[in-house]
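Heads up, the thing below is written out as structure tokens.
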Amino acid sequence: MTNPDHTDSPLAHPRHRPPAPKNLEALTAVARSIDVPFAFSHSTAAEIAGWPTPWAARVVGDLHVITETRAGHLKRTGFIGHRGLESRAVVLRHGLPIVAPAHTWADLGELVGRGLPYTFEDIIGAGDQALNAGCTKEQLRLIVESRIRPRGKRTLLPALPWMRRGSESMLETGTRLVVHRGGVPSASLNRNVYDSKGNFLFRPDLAWRAKRVAVECQGTEYHDTPDAVASDTRRFAVGKRHGWTFLEVRSDQIWDRDLRNEFLSALADALGFPAHRLDLPAAEPQRHSPEAAATLLENLERRRRRGRAQQSATRRP
């Protein structure tokens, strides 16, 4: 039977309707206890919206809350208060006020840096989610540039060219980046695949349709349960009957150099892509944007010069 929802739009899939956060009841109680205009912001807003957030941001457990500048910071144990609500759009998710996606992405730049939870790759992943939510790169760029001395600008703006609508998880974003930086031609992202009669077959995370090659990103949280394993097995079987080759990738194949190189080599082989054209060193994930890395090196060299000057001063008679 022909699929009535014959669309290639990645936003049409139910996975884009994220479930309520596990701590929704606690967040609702917190919201009721705040007696000034506010919204959840930064990584808290991202998590409520269903965006992937770094483990380091989740494990601390602090809630980011933004209020109007005139009201000052919200000062409570377990909260990180911010000001500037009046300059941000606010939307409701699961009955909770959160900073709208475009402003949330720009705010996440404040969480990048030494000892902070977000990396360059995380900002790209959050940007993918902002694009999925309907934002445009131009809108995101204008928000960053409209702010006075925005923190994280050297990470936010360089992330824009790497962002792409369609990736639905941080592992999908990371895989896409590794593939692209490694020199492999770009894949389609989360697009429905149909047979010659228009019947729905499956929906791969990354696909090279002309070669009938698909990559499935297997996150432990969603793909290691018995039901998920059975579903994946059925899906792969359907694809293989129609001539598709599937490669599975897990997070260690992104972060471990040898496993990453093996994955890229296997993908190139499946695609018939010349192995000598792979750029394996360039595929390595990046914690810092080139601009931010240059700033870090400048600061390090400045500290070294200051230290050498102080040592010379102490040695003088």
Options E168, E145, E138; residue that is surrounded by 21 or more Cβ atoms within 10 Å (Cβ to Cβ) and either part of a loop (DSSP other than H, G, I, E, B) or over 17 Å from the mean Cα position of the chain (by Cα) (or both): E168
Qualifying residues in the range 148-164 (those that are open to solvent by 40 Å² or more (accessible area, probe 1.4 Å) and assigned to a helix (DSSP H, G or I)) - the one farthest from A49 (Cα to Cα): R154
Residues being β-branched (V, I, T) and under 25 Å from P52 (Cα atoms) - total across the range 234-265: 2
Scope the range 236-289; condition in contact with a strand residue (DSSP E or B) (Cβ under 7 Å, 6 or more places away or on another chain) and open to solvent by less than 50 Å² (accessible area, probe 1.4 Å); matching residues: F236, V238, G239, W244, F246, L247, V249, F263, A266, L267, A270, L271
Residues of the range 49-70 that turn out to be open to solvent by less than 60 Å² (accessible area, probe 1.4 Å), more than 21 Å from S169 (Cβ to Cβ) and either of a type outside the set (D, E, K, R) or not in a loop (DSSP other than H, G, I, E, B) (or both), as a count: 6
Selection from the range 185-220 of residues that are loosely packed, with under 15 Cβ neighbours inside 10 Å and at positive phi: G198
Residues that are of a type in the set (A, V, I, L, M, F, W, C), open to solvent by 20 Å² or more (accessible area, probe 1.4 Å) and within 26 Å of I254 (Cβ to Cβ), drawn from the range 80-124: V112, L116
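The values are calculated or read from the model by the stated rules, or taken from the named source; none is laboratory data. On a predicted model such as this, the values are computed, not experimentally measured, just so you know. A quick note on method: Cβ atoms are made from the backbone with ideal geometry, for glycine too, and the neighbour counts reach across all protein chains shown. Note: areas computed on protein heavy atoms with side chains; ligands, DNA, RNA excluded. Shrake-Rupley method; radii C 1.70, N 1.55, O 1.52, S 1.80 Å.
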